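One structure below.
The values are calculated or read from the model by the stated rules, or taken from the named source; none is laboratory data. From a predicted model like this one, the values you see are computed outputs, not experimental measurements. When we count neighbours, we look across all protein chains shown, and the Cβ atoms used for this are built from the backbone with ideal geometry, even at glycine.
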Amino acid sequence: MVPVPIFPLLTHSRFLTLIHVVKLTHMEKGNSQKKERMFSWMNSKLEVRDTGKYGKGVFATENLQKNDILAMFGGYVMTLDEESLLPENIRDLGHQISDDFVIGINDVADLQSVDYFNHSCNPNAGINGQIFLVAMEDVIPDEQICFDYAMTVGGDEPYSLECLCGSENCRRVISNTDWENPELQKKYRGYFQWYLQEKINKLQQAL
Ligand SMILES: [Zn+2]
């Protein structure tokens, strides 16, 4: 049995600091001030565009290297139950960080660029730790950035999504149990959300 490395877990304080990436912009207009709040961060070499097929997506505008940080997810901490009560158009946008919790927006007015990363069964990006999205390979301009939702979605809450990625290896349906697939565990080793990697490690140690 080869020991499987466990992701370095962000310390509590650093985790909280990163979740609460807040940008305050003060615009002087007479006596009024406007505060712009952001919960996340996206690499300036990326932008949101229309995919022409299935709504918006995130695309590269410049070359990126393997392992470059593409984004940091953030937002309000919510349970899966709380997320299920959100308006339908933002209900599935939360970034799952444990069996029971997601981080994300709870108001459509707070939609962020990082909310537009699409799933692909043949992704070029993966998760590092809990909130980082990194390039799994070099990326060229105009390439869409996608990760596999199997890297983040788990827990007991049933979830399924029809996949329109068009990859040769498309699974057609994405679900909350995809991370249990041994082929995907091998393919995405090092790119799973931390809580899923811990579960995979335990399963493999029990063999
Ligand atoms: Zn697919």
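Quick notes on this one:
- So Q197, is it in contact (Cβ under 8 Å) with a residue 12 or more places away in the chain and either within 15 Å of the ligand (Cβ to nearest atom) or closer than 24 Å to K53 by Cα (or both): no
- Restricting attention to region 122-136, the residues being within 14 Å of the chain's Cα centre (by Cα) and within 14 Å of the ligand (Cβ to nearest atom) number 2.
- Residues satisfying the stated conditions in region 36-74, i.e. among the aromatic types (F, W, Y) and closer than 24 Å to C163 by Cα: Y54, F59, F73
- Evaluation of R171 against (1) more than 16 Å from the ligand (Cβ to nearest atom); (2) modelled with pLDDT of 95 or more (one fails), failing number: (1)
- Pair list, Cβ < 7 Å and 6+ apart or interchain, from region 156-180 residues that are within 22 Å of K56 (Cβ to Cβ) to residues that are within 7 Å of the ligand (Cβ to nearest atom) and small (G, A, S): C165/S120; S167/S120
- All positions within region 137-159 that are farther than 27 Å from E47 by Cα, more than 16 Å from the ligand (Cβ to nearest atom) and surrounded by fewer than 20 Cβ atoms within 10 Å (Cβ to Cβ): G155, D156, E157, P158
- Selection from region 84-107 of residues that are surrounded by 12 or more Cβ atoms within 10 Å (Cβ to Cβ) and over 23 Å from N128 (Cβ atoms): S84, L86, I90, R91, N106
- Every residue from region 160-174 that is in contact with a strand residue (DSSP E or B) (Cβ under 6 Å, 6 or more places away or on another chain) and surrounded by 17 or more Cβ atoms within 10 Å (Cβ to Cβ): C163, I174
- Being surrounded by fewer than 22 Cβ atoms within 10 Å (Cβ to Cβ) and part of a helix (DSSP H, G or I) is not true of Q197.
Residue-wise test of (1) of a type in the set (F, W, Y); (2) modelled with pLDDT under 95; (3) over 13 Å from Y116 (Cβ atoms).
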{"site": "K45", "(1), (2), (3)": "no, no, yes"}
{"site": "G52", "(1), (2), (3)": "no, yes, yes"}
{"site": "F59", "(1), (2), (3)": "yes, no, no"}
{"site": "N67", "(1), (2), (3)": "no, no, yes"}
{"site": "M78", "(1), (2), (3)": "no, no, yes"}
{"site": "D81", "(1), (2), (3)": "no, yes, yes"}
{"site": "N89", "(1), (2), (3)": "no, yes, no"}
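- When E183, E162 are checked against the criterion of being within 16 Å of the ligand (Cβ to nearest atom), touching a Lys or Arg at 6+ places or on another chain (Cβ under 9 Å) and not aromatic (F, W, Y), a single residue qualifies: E162.
- Filter result (surrounded by fewer than 18 Cβ atoms within 10 Å (Cβ to Cβ) and not in a helix (DSSP H, G or I)) within region 178-194: N181, R189, G190
- Here A109 qualifies as away from the ligand (no atom under 16 Å from the Cβ) and of a type in the set (A, V, I, L, M).
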